[in-house]
Amino acid sequence: MINSIQIIDSLDVGGAERVAVNYANGLLGFVNSSHICVTRKEGPLKSSIEKQVGYVFLNKRSRLDISAILKLRKYITSKKINLIHAHSSSFFIAFLIKLTLPRIKIVWHDHYGKSEFLSSRPKFSLKIASIFFDQIFSVNQKLKQWSIDNLFCNKVDYIKNFPVLKNSNSDTTKIYGNEGKRIVCLANLREQKNHLQLLNAFKIVVEHYPDWTLHCVGKNFGDDYSKIFFKRIDALELKNNVFFYDSKKDILNILNQMDIAVLVSKSEGLPLALLEYGLSNLPVICTNVGDCGKLIPDITYGVLLDDDNATLIAKEIIGLIENKDFRQKISIAFNKKIIEEYSEEKILVDILNKYNLILKS
């Protein structure tokens with residue numbers, strides 16, 4: 001009998017956060033009870049959590065917030081939870097719970113987005129905590145190998161992300177630009193997502209096709225990088241061609257109004273955005289980082305860039321603009337691949353099998 005809880009630090013609209021919510025929702029009907037714990041901050045994804053999913057918010061103020069730890073411990077014991085599935089940095093509170101409840105099983109899900117820069121990844125506290133992990137899930141093969149080489153848990157598996165796109169009941173986002181001439185980039189405003197280089201490339205595109213527009217959807221953290229992003233739009237005179245929407249819940253609605261999808265990150269794990277592009281039947285251009293090459297192994301499925309050079313990005317975008325038949329062909333093939341290999345049901349069955357093995361060990 002599985003009573004599982006997903007633990008995530010926030011409900012902002014990010015990849016790891018959406019995966020945690022997808023697991024909590026998707027496991028309903030497959031486990032005895034499914035729960036989700038948010039440690040630090042609630043956010044837009046809260047409305048995406050199904051009513052049948054148990055929910056607890058800790059409002060944790062510091063790493064060793066005793067009241068938050070005790071609140072989670074009380075919730076776990078009262079709900080008879082026997083398996084914690086901790087996502088990203090929430091591993092630490094799971095580790096602290098394990099110290100007080102030795103019977104509990106811990107799965108740690110590694111979503112680390114900077115898989116191209118693993119040599120500089122902080123690991124001291126993670127290494128200690130990993131002694132108490134029963135299983136590690138990694139979103140790509142590089143992260144799997146890193147855990148094998150650096151951590152103390154001897155059960156490490158690569159687990160595919162899966163996309164879930166549903167119609168939102170909230171107000172739908174108004175999309176600007178000309179219908180049939182829109183490009184989307186679904187990524188929070190972080191340096192690794194490489195928006196600045198995308199803007200440089202899009203400036204070249206606009207010189208050839210001034211009626212096309214770029215639509216950036218993702219969280220604005222209000223930091224220095226965000227400020228540079230908006231200044232770059234002004235400097236490149238792209239105010240009439242680039243639109244920024246911040247975090248949005250109606251992703252399906254937005255993607256359904258787009259014609260080309262791009263993701264030119266410097267580093268990735270297995271980007272959920274790329275899976276959602278495929279599920280939405282969009283032709284894709286992305287950089288060859290993380291496990292993107294597994295999603296787009298050749299030109300049949302999309303355009304994979306070995307370099308994030310602005311001129312190259314612009315060239316490939318222009319190529320798709322000019323060849324509508326090719327766009328349609330690769331979008332159909334990519335959509336089929338995502339449905340066949342990254343479906344929710346297929347991956348959840350695998351997860352359930354691993355959960356059962358963990359609980360039996």
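Counting only alpha carbon atoms, the long axis of helix 66-78 and the longest principal axis of the chain meet at about 70°.
From largest accessible area down, sort Arg182, Arg190; use a 1.4 Å probe on the protein chains. Could you put the intermediate results ahead of the total?
On the way: Arg182 20, Arg190 110 Å².
Descending order: Arg190, Arg182.
Taking every C-alpha pair closer than 8 Å and separated by at least 6 residues, the mean separation divided by the residue count of segment 184-245 gives a relative contact order of 46 percent.
Residue pairs exceeding 22 angstrom between C-alpha atoms, taken from Lys174/Lys249; Lys166/Lys336; Lys98/Lys142; Lys166/Lys203; Lys203/Lys249: Lys98/Lys142; Lys166/Lys203; Lys203/Lys249.
Over the chain, the pair-distance histogram of Cα-Cα distances with 10 Å bins from zero comes to 5, 24, 33, 23, 11, 3, 0 percent, rounded to whole numbers. Each residue of segment 139-156 was assigned a 3J(HN,Hα) from its phi angle through the Karplus expression (A = 6.51, B = -1.76, C = 1.60, θ = phi - 60°), giving 7, 8, 5, 5, 5, 4, 5, 4, 5, 4, 7, 10, 10, 9, 7, 9, 10, 10 Hz with x at Gly and Pro.
In units of 2.2 N^0.38 Å, what is the alpha-carbon radius of gyration of segment 118-210?
Values: Rg = 20.5 Å, N = 93, 2.2 N^0.38 = 12.3 Å.
Rounded to two decimals, the normalised Rg is 1.66.
Karplus-based coupling profile of segment 309-321, in residue order and whole Hz: 4, 4, 5, 5, 4, 4, 4, 6, 5, 4, x, 6, 4, with θ = phi - 60° in 6.51 cos²θ - 1.76 cosθ + 1.60 and x standing for Gly or Pro. Taking amide H as placed 1.01 Å from N in the peptide plane, the amide H of Tyr55 sits under 5 Å from that of Ile36, each at least 5 places away or on another chain. In segment 24-54, which trypsin sites (Lys or Arg not before Pro) are in a loop and have at most 10 other Cβ atoms within 10 Å, using DSSP for the loop call? Passing both the DSSP loop test and the Cβ count: Lys51.
Once C-alpha pairs closer than 8 Å and six or more residues apart are averaged by separation and normalised to the residue number of the chain, the relative contact order reads 15 percent. Accessible surface area normalised per residue over segment 289-361 is 53 Å², counting heavy atoms of protein chains with a 1.4 Å rolling probe. May I ask for the angle, rounded to the nearest 10°, between helix 344-360 and the longest principal axis of the chain, with both axes built from Cα atoms and the value confined to 0 to 90°? That works out to roughly 20 degrees. For segment 187-291, chymotrypsin sites (Phe, Trp or Tyr not before Pro) are listed when DSSP marks them as loop and at most 14 other Cβ atoms sit within 10 Å of their Cβ; the list is Phe221.
Sites listed here are GluC sites (Glu not before Pro) in segment 136-230 whose DSSP assignment is loop and whose Cβ has at most 15 other Cβ atoms within 10 Å: Glu179.
For segment 2-57, count all C-alpha to C-alpha pairs, find those more than 19 Å apart, and express that count as a whole percent of the total. Walk me through the numbers on the way to the answer.
Numbers: 243 of 1540 pairs.
Considering segment 2-57, 16 percent of its Cα-Cα pairs are separated by more than 19 Å.
When all alpha carbon pairs of segment 38-116 are counted in 10 Å bins from zero, the resulting P(r) reads 16, 48, 31, 4, 0 %.
Partners of Lys80 within straight-line reach, counting aspartates and glutamates whose Cα lies under 19 Å from its Cα and excluding those fewer than 8 residues away in the same chain: Asp134.
Exceedance of the 20 Å cut-off in Cα-Cα distance is limited, within the set Lys155/Lys354; Lys105/Lys354; Lys46/Lys114, to Lys46/Lys114. Report the relative contact order of segment 129-227, percent, no decimals, based on alpha-carbon pairs under 8 angstrom and at least 6 residues apart. Contact order relative to length: 24 percent.
Less than 5 angstrom separates the built amide H of His109 from those of Ala86, His87, Ser88, Phe137, all sequence-distant by 5 or more or on a different chain.
Nonpolar atom fraction for the chain, defined as the carbon and sulfur part of the 1.4 Å probe accessible area, stands at 49 percent.
Along its first, second and third principal axes, ordered by size, segment 222-359 spans 56, 39, 30 Å in Cα coordinates.
Give, rounded to the nearest 20 debye, the magnitude of the charge dipole that the chain has about its Cα centre when Lys and Arg contribute +1 at Cβ and Asp and Glu contribute -1 at Cβ. Intermediate values should be presented prior to the final figure.
On the way: 49 positive and 38 negative charges, 346 e Å.
Charge dipole of the chain: 1660 debye, to the nearest 20.
Remark on Leu305: its backbone amide H falls under 5 Å from those of Cys286, Thr287, Asn288, a criterion applied only to residues 5 or more positions apart or on other chains, H modelled at 1.01 Å from N.
The values are calculated or read from the model by the stated rules, or taken from the named source; none is laboratory data. Computed from a predicted structure; not experimentally measured. Please note: Cβ atoms are built from the backbone with ideal geometry, for glycine as well, and neighbour counts cover all protein chains shown. Heads up: the accessible areas ignore ligands, DNA and RNA and are worked out on the full protein's heavy atoms, side chains in. Shrake-Rupley method; radii C 1.70, N 1.55, O 1.52, S 1.80 Å.
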